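Structure record follows, encoded as structure tokens.
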Amino acid sequence: MPNKYSKNRPGSGVRNRGRNNISKNKNVNNSSVGTFSEDTSTNLNSNNNPDKFVGNNKNSSGSTNTKSGRKTPRRNKLHKKLGYPLARGPGEKTGDTFLIRCIEYLPPKGGQGMTLTASKKYGVVTDPNGGIYRGKTVKFGDKVQTGYENFGLKVTDANSRMSRNQKLLYAIELPIPQEINDSNVVSWGDNEMNIFQLAGVAAASELQKDAAGTFQQGLDFIQQGIELEGVNTDTQNAIRNAISGQAVNALGANVNVSQLIARSTGQVLNSNLELLFGGVNLRTFPFSVTFTPRYYDEMIAVKRIIRQLKMSMAAKAGTMAGGSASGVFLKSPDVFSLRYLHNGQDHPFLNSFKMCALTGLNVNYTNTGTYASYADGTPVSIRMNMTFKELNPIYSEDYDEFTMSENKGVGY
């Protein structure tokens, strides 16, 4: 029987020719320089048959008894150190790489990760006769708690929590992607407040202090009219009618203040339009990597990279029962730490990342436009698109550490 790696055996779309043939000997190019050493502690041929790849038809996620449906814990073997390509030529050795570190998600300890802080506020009893304060008898000069002050919120975010107490599962080192960028976006929005809205806010504030007086003041405002500097009598009457229209709205009508004033005077209220800060956003990073495995060991490395990323981004049910995952609750998927490296150290220019989740993974096994594979079934060209999203937003204080030295990059 001919060996499936022989040069004479055709593939499904590409013939095995010369050095393009996937061979078990990874030293295809004698001039190549090994720049990454993959974890190869596992025997690549589990049954000592050179014509078969790693794996078998059994479930590798955990042993299960499909007849009894008995639950069993997961069993898997992650390869701690992965990389592509396994060897690079001198012309490809740029010194810049992209490091993906997979870290187990850790929930906050003892609560939601947020703690409300406050200090007690005290006062002294000044009544010479003392009295009863909050159900307790007090005397002149006693120190009593009157309330709380200096409220604050202590938050331990996911990025800080997992950066300090991380459990590293594995690391993947890839060539730096061809298109890398970062985009920082904050939310701003239009805001309007005319004279009636401002008056309503002031009235609501006064209502808490003196409900009866505020109501009477509003009644006098409607009945007696208002005096606005630079506004003629007709316009003031139109405004008064608009206020009355708002009162009619309470009875089920649909009267617009601005429309009433515009219909009566040909003017509209000044909306005092202003752009106001609305909040922060989480950053998203898309990456695209192309794999073209050149020999057997490199094919195994590509397969492991794709498999482990898929497994880490999936939710965890906890146990296997009857050949399928099950559990009352689902655990969070693993998270990822991303770094651009230059000669093995943090890149001196490119941006940094906070802890990320892998929200999307798309693998195109026909990257050449048509399906083409070697004799063993390995696709000739594979394109993997990843989408990461940071767990926490970026704040101005996060850049402080980058301003201390010009040897660091642009920041987040």
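Read-outs: derived from the displayed coordinates by stated rules, not from any lab. On a predicted model such as this, the values are computed, not experimentally measured, just so you know. Using ideal geometry, Cβ is built from the backbone for each residue, glycine included, and neighbour counts are taken over all protein chains shown.
Assorted remarks:
- Among the chymotrypsin sites (Phe, Trp or Tyr not before Pro) in segment 130-198, those placed in a DSSP loop whose Cβ has at most 13 other Cβ atoms within 10 Å are Phe140.
- Approximate spin-label separation Ile195-Ala317, in nm, with each point projected 7 Å along Cα-to-Cβ: 6.7
- Working from label points 7 Å from Cα in the Cα-to-Cβ sense, the Lys77 to Glu397 distance is 4.7 nm.
- Additional length obtainable on full extension of the chain from Ser163 to Lys109, 0.36 nm per residue less Cα span: 18.0 nm
- Out-of-range pairs (alpha-carbon distance over 29 Å; input Lys310/Lys408; Lys121/Lys354; Lys109/Lys354; Lys77/Lys331): Lys310/Lys408; Lys121/Lys354
- Mean Cβ neighbour count within 10 Å, used as a protection proxy, ranking 378-389, 327-338 highest first: 378-389, 327-338
- Modelled spin-label separation between Ser258 and Thr370, with each label point placed 7 Å from Cα along the Cα-to-Cβ direction: 6.1 nm.
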